[in-house]
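Peer 1: Submitted below is the structure of interest, expressed as structure tokens.
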Amino acid sequence: MVPRSQIRAIVPALMILGTSLAGIQTSTAEAREIAATELPLTQNGGTWDAGHVQGIAVDRVNGFIYYSFTDLLAKYDFHGNLVGTLVGWTGHLGDLAWNPGNGKLYGSLEYKADEAFYIAVIDVAGLDRVGVSAAASPLFQTVHLAEVGRDYAADVDGNGRFDGNIAETPDHRYGASGIDGVAFGPRFGSTDGPQLLTVGYGIYSHTGRTDNDHQVLLQYDVSGWDELARPLVESRPHRSGPTAHEGKYFVRTGNTTYGVQNLAYDAASQRWFMGVYAGRKPDYPNYLMFAVEADARPVMGDLVGVPAADGNGWEQGLLLPLADDGLRDPATGIRGWNQKSDVGLEPVGDGLFYLAVNSGGRGAQTADITLMRWTGNPDQPFLPVTSPTSR
């Protein structure tokens, strides 16, 4: 359901700074960002008959905030006016990332029953009204990620079959349940260079196996994806996508419930953040947020708990260390924060972040975001921004 106040605001307002109408967007990375003093301190993402909020993305050039509500995408301007919605798919739209290089929005999209995992590429400049159908609109395109499907459908227990979409099965390589967190940033081990799309795996919560204690991150160069993108026809899921990735990386955090829910790259601190649902293994600290320094070099090493194919020792993979920051678990050495960041975590520059909180029940899901400043404090890493002068 859409509040009446938002329905009255469907006709886009003039853009902040008076440069253009809400439906007209600048898409170049060189465009000037809206000043930090113009960022809203809080915003509500509406109330919807949809799934709970999965992630947010902020376009600081044109002044828009996007909310993924699982099977609905909502677009608001910085004044809180509803600009448009995209609807009409049955899959799971997860975390979001706005690409300033082309002005498009990228989101993880899952169809577990079809063993099909996509990145939705959405031309949000044309999203200017409520109720746009994804199936009927050229705005909504998808790119298939074959690597994710292979890990999801892997016959790990060697019984000659894949035992399906069940959390307690020993199948699914690395415990892979699909994908969720997405973000643009540099290649791991560097702080500059081309911006790659990083995709975080979902990981099933399973306390009885040892091969699901790493977060799995894939990096992709999306510069040629216009040729790969296809409309999504749910009755005939396509398999058009990259044949290879730029890198596959592992971060040992201990098992979490559904892996990287929100992934974010903060250029100000040159750091990657991962927001997760807490894990259930008692031998781990089960933090809610983890970080990796951008310049931390990936090192080939043991994926502890993942048996090697030949049965000797552990599988090898490119490992990324956790940032030497935050709380520290003395038993495992794992570091992180007990900070809710699982349904919306978005750096917006200048040491500022938006964090989302979900609420509401079936048929009335909503999200509230708050502008926060990074403190680095192990117990309270973010504090709300309370006034324009404190930004």
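Peer 1: Please state which of the following conditions L288 fails to meet, knowing it meets all the rest: (1) under 17 Å from the mean Cα position of the chain (by Cα); (2) surrounded by 21 or more Cβ atoms within 10 Å (Cβ to Cβ).
Peer 2: Checking L288 against (1) under 17 Å from the mean Cα position of the chain (by Cα); (2) surrounded by 21 or more Cβ atoms within 10 Å (Cβ to Cβ), the one that fails is (2).
Peer 1: Return the total of residues in the stretch 60-81 being part of a strand (DSSP E or B), more than 18 Å from I179 (Cα to Cα) and touching a residue at least 40 places away in the same chain (Cβ under 8 Å).
Peer 2: Residues in the stretch 60-81 being part of a strand (DSSP E or B), more than 18 Å from I179 (Cα to Cα) and touching a residue at least 40 places away in the same chain (Cβ under 8 Å): 5 in total.
Peer 1: Any residue at all in the stretch 8-26 that's touching a helix residue (DSSP H, G or I) at 6+ places or on another chain (Cβ under 6 Å) and at pLDDT 95 or above?
Peer 2: Scanning the stretch 8-26 turns up no residue that is touching a helix residue (DSSP H, G or I) at 6+ places or on another chain (Cβ under 6 Å) and at pLDDT 95 or above.
Peer 1: On the basis of being at pLDDT 95 or above, over 15 Å from the mean Cα position of the chain (by Cα) and at positive phi, does G126 make the cut?
Peer 2: no
Peer 1: Condition (residue is under 25 Å from E246 (Cα atoms) and either β-branched (V, I, T) or at pLDDT below 95 (or both)) applied to the stretch 314-329: is it met by at least one residue?
Peer 2: The answer is no; no qualifying residue exists.
Peer 1: Out of the stretch 196-209, which residues are within 24 Å of P282 (Cα to Cα) and within 16 Å of the chain's Cα centre (by Cα)?
Peer 2: If the condition is that a residue be within 24 Å of P282 (Cα to Cα) and within 16 Å of the chain's Cα centre (by Cα), then G200, Y201, G202, I203 are the ones that fit.
Peer 1: Does the stretch 323-332 hold any residues that are of a type outside the set (A, V, I, L, M) and exposed (fewer than 14 other Cβ atoms within 10 Å of the Cβ), and which are they?
Peer 2: If the condition is that a residue be of a type outside the set (A, V, I, L, M) and exposed (fewer than 14 other Cβ atoms within 10 Å of the Cβ), then D324, P330 are the ones that fit.
Peer 1: Of G103, G181, which residue is under 23 Å from G279 (Cα atoms) and surrounded by 18 or more Cβ atoms within 10 Å (Cβ to Cβ)?
Peer 2: G181
Peer 1: Among the residues of the stretch 215-228, write down those that are crowded, with 22+ Cβ neighbours inside 10 Å and in a loop (DSSP other than H, G, I, E, B).
Peer 2: Listed by number, the list holds a single entry, V222.
Peer 1: So, in the stretch 291-322, of the ones that are touching a strand residue (DSSP E or B) at 6+ places or on another chain (Cβ under 9 Å) and of a type in the set (D, E), which residue ends up surrounded by the most Cβ atoms within 10 Å (Cβ to Cβ)?
Peer 2: Here the answer is E293.
Peer 1: Of the conditions (1) part of a loop (DSSP other than H, G, I, E, B); (2) within 21 Å of the chain's Cα centre (by Cα); (3) free of Cβ contacts under 8 Å to residues at least 12 places away in the same chain, N212 fails just one. Which one is it?
Peer 2: (3)
Peer 1: How about the stretch 371-391: which of its residues are buried (at least 17 other Cβ atoms within 10 Å of the Cβ), touching a Leu at 6+ places or on another chain (Cβ under 6 Å) and in contact (Cβ under 8 Å) with a residue 40 or more places away in the chain?
Peer 2: L371, V385
Peer 1: Let me ask you something else. Within the stretch 328-370, how many residues are closer than 18 Å to V251 by Cα, charged (D, E, K, R) and free of Cβ contacts under 8 Å to residues at least 60 places away in the same chain?
Peer 2: 3
Peer 1: Let me ask something additional. Taking into account only those residues within the stretch 82-107 that are farther than 23 Å from A364 by Cα and in a strand (DSSP E or B), which is farthest from the chain's Cα centre (by Cα)?
Peer 2: The extreme case among them is K104.
Peer 1: How many residues does the stretch 185-207 hold that are touching a residue at least 24 places away in the same chain (Cβ under 8 Å) and either surrounded by fewer than 21 Cβ atoms within 10 Å (Cβ to Cβ) or not in a strand (DSSP E or B) (or both)?
Peer 2: 12
Peer 1: With the requirement that a residue be acidic (D, E) and either more than 17 Å from Y111 (Cβ to Cβ) or in contact with a helix residue (DSSP H, G or I) (Cβ under 7 Å, 6 or more places away or on another chain) (or both), what does the stretch 123-175 give you?
Peer 2: D123, D128, D151, D155, D157, D163, E168, D171
Peer 1: Regarding the stretch 142-153, can at least one residue be identified that is charged (D, E, K, R) and in contact (Cβ under 8 Å) with a residue 60 or more places away in the chain?
Peer 2: yes
Peer 1: Continuing with the same structure: Under 6 Å between Cβ atoms, which residue pairs at least 6 apart in sequence (or on different chains) link something in the stretch 108-125 that is farther than 18 Å from D163 by Cβ with a partner that is of a type in the set (K, R)?
Peer 2: Correct list of pairs: V121/K104; D123/K104.
Peer 1: Can you pull out every residue in the stretch 246-259 that is surrounded by fewer than 19 Cβ atoms within 10 Å (Cβ to Cβ) and not basic (K, R)?
Peer 2: E246, G247
The values are calculated or read from the model by the stated rules, or taken from the named source; none is laboratory data. Just so it is clear, the structure is predicted and the values come from calculations on it, not from any experiment. Counting neighbours? That spans all protein chains shown, and the Cβs are built from the backbone with ideal geometry, glycine included.
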